[in-house]
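Student: Pasting in a structure now, in structure tokens, and then I'll have a few things to ask.
Read-outs: derived from the displayed coordinates by stated rules, not from any lab. Here the structure is a predicted model, which is why all the values come from computation and not from measurement. All Cβ positions, even for glycine, are placed from backbone atoms using ideal geometry, and neighbour counts span all protein chains on display.
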Amino acid sequence: MNSDTCIILSHAPLEGELHQWDRLSRQDKIEMFEFAITMAKEMEPRSRVVLSGHGEYFASSADSIVWQMKYLEDEIGRGHPICVNAALGVAKAAGCKYVLKLRADSYIEDSRAIWYFKSLLKKDGTKCLVTAQTIADQQIGDLFMFGETDFLLDIWRPEKWDYSVNGMINLYRIYRSLYCNDMHDDFSYSEVKDLGWRLLSPDWLVHKGLDAGPEHNWDRYYGSKCTFDEYYKGYITPR
């Protein structure tokens, strides 16, 4: 591996009920995570793929595994800061300058994505690329992030986490406590459809083991009436 980018697949609990995963068995989740790992390796074969999660351990094909053996119920819906921070530490130790952090039941479909994400940061002179869920001066989306490893380590600080609010609000508050910049100075924004970001979990029981096509996207998760970006009305307006 000689890539300067690490791919972290996070938010991977193997126990409990979590929104659209309610119907999935432990084996279903493992198969889904492994599919996402395979897709990450196919997208960028030179990158280190790190799986970050908690609950009963399983043998994974990821290059590195950051796993909490105890199911961390307090982490659910709160951004999983303990697991994400530990995974970012692996990326830092491996000498990776950039990190692509995705939810563990999703993938990027374009093999040129890493190059594209870097080009957006270079064009804007920013440190991190975000998408839906990001609302200027309120919260920073935590399911998809591509950015400088050191910057992400700065804002993913479990010791500063407030578990009474979600991970997105926490990221914004920690960022604001450390940086005086306007969010546009440090964050670039792109719509989900332009990132090629696909979700596996809504139809996994139907489509598991098959090549995931366009039907595996955020639109199906939130309904046909709106896109994922429209579901979250506020976001950073591109320059």
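Student: Separation between the Ile30 and Tyr116 pseudo-spin-labels, each 7 Å from Cα along Cα→Cβ, expressed in nm?
Tutor: Each label point lies 7 Å from its Cα, and together they span 3.4 nm.
Student: Using label points projected 7 Å from each Cα along Cα→Cβ, tell me how many nm separate Lys160 and Leu178, to one decimal.
Tutor: 0.5 nm
Student: Now, a different point. If you filter segment 84-127 for trypsin sites (Lys or Arg not before Pro), then keep DSSP loop positions with at most 15 other Cβ within 10 Å, what is left? Mind dumping the intermediate values first?
Tutor: Values: sites: Lys92, Lys97, Lys101, Arg103, Arg112, Lys118, Lys122, Lys123, Lys127; in loops: Lys97, Arg112, Lys127.
Qualifying residues, ordered by number: Lys97, Arg112.
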